[in-house]
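Trainee: One structure coming up, written as structure tokens, with questions to follow.
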């Protein structure tokens, strides 16, 4: 039996010129941040350590969901922080509209629970992680985040969902796509 792999389900998000510029600005504002290096994504469900053999089952589950879920147009909109603005640990970009993403994530969550994966203990909030705060954030960071709370960056089509493997390394996580499944044609 193969060793377990760390898995999550997500949709790739193109960064766009304005968001790249903003991420450079963010890195200059607070050098203690670890900016997301590589492809941005919208996580729909974190599965955690999973036996390799279950990747086929998860991919089949995604196919069944995605053939019914319509593709949709979304915007990257607004910058925020988890757990809260005053003590940011994660800096993220929001998604609008949230309804189609929340519906898709809810369907994936429910079906994964039927397959024995644990349910999330927090409500789902669609977002794209831009940076993680390492150590104490700069004093300017909360104000900078607040000043971009309403900024709209660019639109993109959510038309595919991917099962990723995540390998944690000293230099940061490495994400490998294992299977990509197209969504149904939008309305």
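No lab work stands behind these numbers, since they all come straight from the coordinates. This one's a predicted model, so the numbers in the text were calculated from it and none came from an experiment. Every residue, glycine as well, gets a Cβ built from its backbone with ideal geometry; the counts of neighbours run over all protein chains shown.
Trainee: May I ask you to sort 9, 65 by Cβ crowding, counting other Cβ atoms within 10 Å and putting the fewest first? Write down the numbers at each step before the final one.
Mentor: Values: 9 26, 65 20.
So the residues, fewest neighbours to most, are 65, 9.
Trainee: May I have the extent of the alpha carbons of the chain along their three principal axes, as whole Å values ordered from largest to smallest?
Mentor: Sorted from largest, the Cα extents of the chain read 46, 42, 28 Å.
Trainee: A follow-up question, please. What does the extension gain come out to for residue 167 and residue 110, with contour length at 0.36 nm per residue minus their alpha carbon separation?
Mentor: Details: separation 57, 0.36 × 57 = 20.52 nm, distance 2.54 nm.
Taking 0.36 nm per residue and subtracting the Cα distance, the gain is 18.0 nm.
Trainee: Here's something else I'd like to know. Among 7, 26, 35, which comes first, then next, by fewest other beta-carbon atoms within 10 Å?
Mentor: Working: 7 22, 26 19, 35 16.
In increasing order of surrounding Cβ atoms, one gets 35, 26, 7.
Trainee: Over every pair of different alpha-carbon atoms in region 101-187, take the mean of 1/r and invert it; report that Kirkwood radius in Å.
Mentor: Numbers: mean 1/r = 0.0597 Å⁻¹.
That comes to 16.8 Å for region 101-187.
Trainee: Pulled fully out, how much extra length does the chain show between residue 138 and residue 17, if you take 0.36 nm times their separation in residues and subtract their Cα-Cα distance? The partial results should precede the final answer.
Mentor: Numbers: separation 121, 0.36 × 121 = 43.56 nm, distance 2.49 nm.
Length difference between fully extended and current span is 41.1 nm.
Trainee: In whole angstrom, note down how far apart the Cα centers of region 16-45 and region 54-98 are.
Mentor: Result: 16 Å between the Cα centres.
Trainee: With springs connecting C-alpha atoms under 10 Å apart, model the chain as a Gaussian network and identify which of 40, 141, 168 has the largest mean-square fluctuation.
Mentor: Evaluated over the chain, the most mobile residue of the options is 168.
Trainee: From the helices alone, meaning DSSP H stretches of at least four residues, give me the mean residue ellipticity at 222 nm for the chain, per-run term -39500 (n - 2.57), in deg cm²/dmol to the nearest 500. The partial results should precede the final answer.
Mentor: Working: 4 runs with 49 residues, N = 187.
It comes out at -8000 deg cm²/dmol, rounded to the nearest 500.
Trainee: Within a 10 angstrom radius of the beta carbon, how do 117, 82 rank from fewest other beta carbons to most? If you can, show how the numbers build up before the last one.
Mentor: On the way: 117 20, 82 17.
In order of increasing Cβ crowding within 10 Å: 82, 117.
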